[in-house]
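Rule-based calculations on the coordinates, nothing more; no lab input. What you are looking at is a predicted structure, and each value in this text was computed from that prediction instead of being measured. Please note: Cβ atoms are built from the backbone with ideal geometry, for glycine as well, and neighbour counts cover all protein chains shown.
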Amino acid sequence: MNLIEATLSKLYNIQYYLQNLDPGIYKAPLGILSDASIGEHTRHILEFYQCLLDQGHRGCVNYDLRVRNRLIQEDPKEADRSLSAIIEKLPLLVTDQKLRLEICYDQDQGETLSVETSLERELVYNLEHVIHHLAIIKIGLSVIAPEMMLPDGFGVAPSTMRFRKECAQ
């Protein structure tokens, strides 16, 4: 499985719950998620991909500049539309493109760091980021929608799934 296929498989996990979750549940704050909602975590994931897709062609990406579209976190249909646009664009990427990553860890002065990266490396980062947030979303869904049957591997790293399979044999 190549990087784009692996990414798409995890993004389809998002599509699954977006198409099966009541909007009220989607946007409800959950104590177990520090009062964040499934929608907020979904927005966060999608906006990282939007940044990469929208900024990457300029040779520089800065995830701090994401839009933070509240409609994505409040309406699963809007989130699904945004996700579908991402899914459509991903296979068209030329992954060997060199990039600069700009990031700011200084919350007071806003000094930005710039490091060399590539589109391929940022896709890896975003895939790991998706898996991490899907694990968090899975916790939230287990509380707010325990009846929802999630796809196998939802929120689980492929290496963990391989390890579990080896242990079971």
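Residues considered: Gln97, Gln50, Gln107. Largest GNM mean-square fluctuation over the chain, using C-alpha springs under 10 Å, is found at Gln107. The distance between label points at Arg70 and Glu116 comes to 4.3 nm (points 7 Å beyond Cα on the Cα→Cβ vector).
Taking the number of Cβ atoms within 10 Å of each Cβ as an exposure proxy, the fewest-first ranking of Ile38, Ile25, Ile72 is Ile25, Ile72, Ile38.
Per the Debye calculation on the chain with a single equal scatterer at every Cα and no solvent contribution, log₁₀ I(q)/I(0) for q = 0.10, 0.17 Å⁻¹ amounts to -0.40, -1.09.
Counted by neighbouring Cβ atoms within 10 Å, the residues Asp54, Asp152 run from fewest to most as Asp152, Asp54. Look at Arg81, Arg43, Arg58 and count the other Cβ atoms within 10 Å of each Cβ; fewest to most, that gives Arg58, Arg81, Arg43. Distant-in-sequence amide contacts of Leu99, defined by a placed amide H-H separation under 5 Å and a gap of 5 or more residues or a different chain, comprise Thr117, Ser118, Leu119. Note down the net charge around Leu119, summing +1 for each Lys or Arg and -1 for each Asp or Glu among other residues with Cβ under 14 Å from its Cβ. The answer is 0.
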